[in-house]
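*Asks:* Could you have a look at this structure, given as structure tokens, before my questions?
The values are calculated or read from the model by the stated rules, or taken from the named source; none is laboratory data. Remember, it's a predicted structure, so these values are computed and weren't measured experimentally. Reconstructed Cβ throughout: ideal geometry from the backbone, glycine too, with neighbour counts over all protein chains shown. Just so you know, the surface numbers come from the protein's heavy atoms only, side chains and all, with ligands and any DNA or RNA stripped out. Shrake-Rupley method; radii C 1.70, N 1.55, O 1.52, S 1.80 Å.
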Amino acid sequence: IAALVMTGCHHKTPEQRAERVVQHLVSTLALDAAQTEKLQKMKAEFLAQRPDMGKVRAETMADLKEMMLSPVVDEARLNSRREKVQAHANDMLGFVLARVTERHDLWTPEQRTKLVAEMEKRAERHHHW
């Protein structure tokens with residue numbers, strides 16, 4: 001029971017996890033105030049996308065549950081849902097990739113080198129995933 005209680009104490013909200021990432025980048029890359037401010041704005045933009053992602057997921061799950069309980073799967077409805085999910089995924093991918101460019105321009109060459117080393121270290125640690 002104690003282990004379960006302790007595990008529950010470590011649950012973080014998406015906002016808390018995002019702030020932890022920002023603080024890790026600030027300390028690891030020794031970001032200045034301007035870089036930190038820009039990173040905080042990017043974090044806010046990412047978090048602003050969450051409600052829409054949740055809405056799309058909830059709508060998709062509701063549609064799928066309805067279709068699974070019906071005698072026959074409505075192919076047109078299924079294809080329509082697929083198109084909506086793909087369109088949302090494409091929008092999100094565009095959003096994320098645009099931010100990659102912004103972050104690249106935010107870091108100095110030394111910070112980019114340090115960041116790549118950190119990414120490689122984490123990839124090595126989690127290679128089994």
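*Asks:* Any idea what log10 I(q)/I(0) is at q = 0.13, 0.23, 0.32 Å⁻¹ for the range 65-111, Debye with uniform C-alpha scatterers and no solvent?
*Replies:* -0.52, -0.82, -1.04
*Asks:* Now a separate question. Determine the per residue accessible area of the chain with all protein chains present and a 1.4 angstrom probe, expressed in square angstrom.
*Replies:* On a per-residue basis, the chain sits at 76 Å².
*Asks:* Mind telling me which of MET119, MET53, MET42 comes out most flexible in a GNM of the chain, alpha-carbon contacts under 10 Å?
*Replies:* Comparing MET119, MET53, MET42 in a Gaussian network model of the chain, the most mobile one is MET119.
*Asks:* Cut-off under 26 Å on the C-alpha distance; same-chain residues fewer than 8 positions from LYS65 excluded. Which lysines are left, in chain and number order?
*Replies:* Filter leaves LYS55, LYS84.
*Asks:* Using a/c under 1.5 as the rounded threshold, could you call the range 85-129 rounded, prolate or oblate? The axes a ≥ b ≥ c are square roots of the C-alpha gyration tensor eigenvalues, and prolate needs a/b larger than b/c, oblate otherwise.
*Replies:* It comes out oblate by the Cα gyration axes.
*Asks:* Quick test of the membrane-span-like rule: which DSSP H helices of the chain reach at least 18 Å along their long axis (C-alpha atoms) with mean Kyte hydropathy at least -0.5?
*Replies:* Details: long enough: 14-29 (22 Å, -0.46); 33-69 (55 Å, -0.56); 75-106 (46 Å, -0.72); 109-125 (24 Å, -1.62).
Helix filter hits for the chain: 14-29.
*Asks:* Return the whole-Å distance between the Cα centroid of the range 54-128 and the Cα centroid of the range 29-46.
*Replies:* After rounding, the separation between the Cα centres reads 22 Å.
*Asks:* What is the ratio of the Cα radius of gyration of the chain to 2.2 N^0.38 Å, with N the residue count, to two decimals?
*Replies:* In units of the globular-protein estimate, the chain measures up at 1.42.
*Asks:* Given a 1.4 angstrom probe, I'd like the percentage of the accessible area of the chain that is carbon and sulfur, rounded to a whole number.
*Replies:* Solvent-exposed carbon and sulfur of the chain make up 62 percent of the total.
*Asks:* Note down the magnitude of the dipole of the chain about its Cα centre, charges +1 on Lys and Arg C-beta and -1 on Asp and Glu C-beta and zero elsewhere, to the nearest 20 debye.
*Replies:* Working: 21 positive and 19 negative charges, 59 e Å.
Here the chain has a charge dipole of around 280 debye.
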